[in-house]
1. Which of (1) under 30 Å from SER286 (Cβ atoms); (2) at pLDDT 95 or above; (3) open to solvent by 10 Å² or more (accessible area, probe 1.4 Å) does PHE228 not meet, given it meets every other one?
2. Out of the strands (runs of 3 or more DSSP E) lying entirely within region 266-341, which hold 2 or more residues that are open to solvent by less than 50 Å² (accessible area, probe 1.4 Å)?
3. From the list TYR334, TYR338, pick out the single residue that is over 22 Å from the mean Cα position of the chain (by Cα), of a type in the set (Ser, Thr, Tyr), farther than 30 Å from PRO66 by Cα and at pLDDT below 95.
4. Taking the conditions exactly as written (in contact (Cβ under 8 Å) with a residue 40 or more places away in the chain, open to solvent by less than 80 Å² (accessible area, probe 1.4 Å) and of a type in the set (S, T, N, Q)), does GLN153 satisfy them or not?
5. Within 28 Å of ARG197 (Cβ to Cβ) and of a type outside the set (D, E, K, R): which single residue out of TYR346, TYR317, TYR294, TYR392 fits that description?
6. I'm told THR349 meets every condition in (1) open to solvent by 30 Å² or more (accessible area, probe 1.4 Å); (2) at pLDDT 90 or above; (3) under 20 Å from the mean Cα position of the chain (by Cα) except one. Can you identify the failing condition by its number?
7. Can you name every residue in region 203-225 that is within 15 Å of ASN365 (Cα to Cα), out of contact with any helix residue (DSSP H, G or I) (no Cβ under 7 Å at 6 or more places or on another chain) and open to solvent by 10 Å² or more (accessible area, probe 1.4 Å)?
8. Name, by its number, the condition in (1) out of contact with any Leu (no Cβ under 7 Å at 6 or more places or on another chain); (2) modelled with pLDDT under 85; (3) more than 14 Å from ARG229 (Cβ to Cβ) that does not hold for HIS401.
Amino acid sequence: MRGCRLVLLCLLFPIMAWAQGQTISGRVIRSDTKNPVPGASVFLDNSSYGTVTNSEGIFTLSNVKPGQYTFIITHIGLADDRQTILVSNEPIKLNVTMTPKAIVLREVTITTRADWKKNFEMFKKEFIGTDANAKYCEIMNPDILDFTYYSTQKVLLASATNFLIVENRALGYRVKFLIDTFRMDGISQIIIYGGKRLFEELPGSKAEKKKWQTNRDSSYYGSEMHFFRSLYKDRLSEEGFVMHRYTRYINPARPPDNIIIRNIEKFSLLRRADSANKWIEIERMSKYYHEQYYPEQSFVSQVLSKTPQPGIFAFTYPDCMCVQYTLRQDNTFYKDIYLPLNVPNYQTTILSFMDKERVCFFDMNGIIVGGAVLKEGTWSKSRLSQLLPVDYQPLAEDSPHKSVVFK
């Protein structure tokens, strides 16, 4: 399998339960003047619940499903207010005081318009994606983006002072993304991005909405969200997932990526084709060796445990975990993933823990809320073009084979 991309997501997401909606309302004022704050964005992170305050600083979020959420208020010139709330059977009243934001002078990087366009194209490819949905996605306000590109390290950083607005006409969402972090490492091929997100339904005809629902279900089934929801419900086999133990070691014969790239560029500039080709062949080597895929399936009881916090689960394993979705195939060649020839080309993702505790935590929405996990394979290709809000429910949650045509 080739074309390997690695994604490390550093995001915190809310928890959701399934019941009748409730109301969150309140008023927002400034700490210095005690005046109301009109036009502040009020939303539950990574969900479809959001609004803005009126001229009196008043807001209301309606029909919010019970559960734990990250409640966020943002306004230009004021520090973001972020708090965890628990929605139950009673309405919630919140009075929020926002403080002026300290002015931080950022380093200014002077670039030409041509440089900005080049950086924007790199950003768009990694942020939105390159799948079939991506061509139906449009960034509506690209001029708010600032880029810094370090050519020697091949690292691209992106930032914005306001919500980046993306219309996804494949899924029928307008996504407002407040970027906290975006870092693309062109050498290690690792993308790190995170921020606050709000989903809004796009207006559409009945036929468009039907198509959006089909596309949303297609994005959901086989996804990371689908897997973790199935895991805590102990429905992996019913939902089409299998888990296998997977072990490997760092390949000592392959130098670090930065050394490989540096030598390829050096010998190419010196027109020493033999030396350049030698390093190109080294670059094609896998980062790992002695990879082993264990045919025996791993069970939920081996990886899942409850935590003291209601609705939060721990996922842990001493080795890597190979997750396969047997209702779809992925024929992409990933050079750093080894599978025996007799294993079908199911959608495959290798999960590797990035810290010594070797554990991550996820909520009832199927969202990782703690711990760092590296994803290689199918899930590493997922970008904003396939992103769904945490309150999303598929048309036929327990019967993926009935509602989705798999390719």
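The values are calculated or read from the model by the stated rules, or taken from the named source; none is laboratory data. As the structure is a computational prediction, the values presented were derived from the model and not from experiment. Reconstructed Cβ throughout: ideal geometry from the backbone, glycine too, with neighbour counts over all protein chains shown. The area values use the complete protein model at the heavy-atom level, side chains included, leaving out ligands, DNA and RNA. Shrake-Rupley method; radii C 1.70, N 1.55, O 1.52, S 1.80 Å.
1. Single failed check for PHE228: (3).
2. 288-297, 312-316, 320-329
3. None of the others qualify; the one that does is TYR338.
4. No, not satisfied.
5. TYR392
6. Only one criterion in (1) open to solvent by 30 Å² or more (accessible area, probe 1.4 Å); (2) at pLDDT 90 or above; (3) under 20 Å from the mean Cα position of the chain (by Cα) is unmet by THR349, namely (1).
7. SER223, MET225
8. Going through the list (1) out of contact with any Leu (no Cβ under 7 Å at 6 or more places or on another chain); (2) modelled with pLDDT under 85; (3) more than 14 Å from ARG229 (Cβ to Cβ), HIS401 breaks only (1).
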